[in-house]
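First up is the structure itself, then whatever we jot down about it.
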Amino acid sequence: MKMEYSDKVMEHFMNPRNRGSIENPDACATEGSPACGDQVKVFLNINPETLIIEDVKFQSYGCASNIATGSIITEMAKGKTLEEAKKIDWKEAAQALDGLPPIKMHCSVLAVDTLRSAIKNYELEHNLAEKEEFSKKVILEELEKIIYPQVGKNLVELKMVKYVGFEDGVAIIDLYIPEFDAYRDNIAEEVKEHLERYPEIKDIKITM
């Protein structure tokens with residue numbers, strides 16, 4: 001299937017802004033996995049008095065959309081305060097690129113998630129935020145980051161999540177995805193990938 005990219009996606013892919021790394025950054029974060037196809041790392045330099053992002057760089061492993069979204073979110077974040085940058089969402093980033101193919105919308109989620117993780121790491125290190133207690137709310141937030149490829153919307157938005165539970169270290173997720181759905185197994189694997197990084201989760205049970 002031929003992938004239709006906007007001219008803006010291709011321009012950011014061919015000439016990415018802020019690509020590279022920062023030596024001794026004030027904060028950084030890595031999200032995704034090369035084994036699963038996409039990974040992004042974001043580096044931040046932050047003014048400690050104004051909390052403005054003075055410099056931001058990214059490294060990426062993946063497709064054209066992965067590189068383009070890394071480029072656009074760093075452009076959008078540079079010069080903003082941490083609070084302003086945290087409000088950048090994946091739909092806004094995709095719109096700034098004049099749209100992404102639905103099957104590639106997850107790249108926008110990954111880029112924004114990595115930026116927010118870097119900001120959170122800075123806030124935790126400088127006592128600007130408290131570490132959130134793990135609960136099923138965290139699980140639900142992770143499910144909101146998983147995009148159903150055919151339409152480019154997340155599982156929660158599409159009402160594919162029937163139940164979320166967390167008890168004695170076991171995450172329980174009940175999804176509504178028919179057996180004939182071509183993306184069924186891929187989504188289950190992505191759910192596991194998002195949740196396995198939490199040390200509080202000892203086991204993941206997915207029913208569909």
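The values are calculated or read from the model by the stated rules, or taken from the named source; none is laboratory data. Everything quoted here is computed from the prediction, not taken from an experiment. Heads up, the Cβs are rebuilt from the backbone with ideal geometry, glycines too, and the neighbour counts pull from every protein chain shown.
General remarks:
- Against the test of being more than 18 Å from the chain's Cα centre (by Cα) and either outside any loop (DSSP other than H, G, I, E, B) or modelled with pLDDT of 95 or more (or both), the options Asp113, Asp185 yield a single qualifying residue, Asp185.
- Top-ranked residue in segment 141-151 [being in a loop (DSSP other than H, G, I, E, B) and under 14 Å from the mean Cα position of the chain (by Cα); ranked as surrounded by the most Cβ atoms within 10 Å (Cβ to Cβ)]: Ile146
- Just one residue in the set Val138, Val112 is in contact (Cβ under 8 Å) with a residue 24 or more places away in the chain, surrounded by 22 or more Cβ atoms within 10 Å (Cβ to Cβ) and of a type outside the set (Asp, Glu); that residue is Val112.
- Some residue of segment 165-176 being assigned to a helix (DSSP H, G or I), under 21 Å from the mean Cα position of the chain (by Cα) and without any contact (Cβ under 8 Å) to a residue 40 or more places away in the chain: no
- Filter result for Met14 (in contact (Cβ under 8 Å) with a residue 12 or more places away in the chain and out of contact with any strand residue (DSSP E or B) (no Cβ under 9 Å at 6 or more places or on another chain)): no
- Any strands (runs of 3 or more DSSP E) falling wholly within segment 1-61 and containing at least 3 residues that are among the aliphatic types (A, V, I, L, M) and not assigned by TED's automatic domain parsing to the domain that holds Glu142: 38-46
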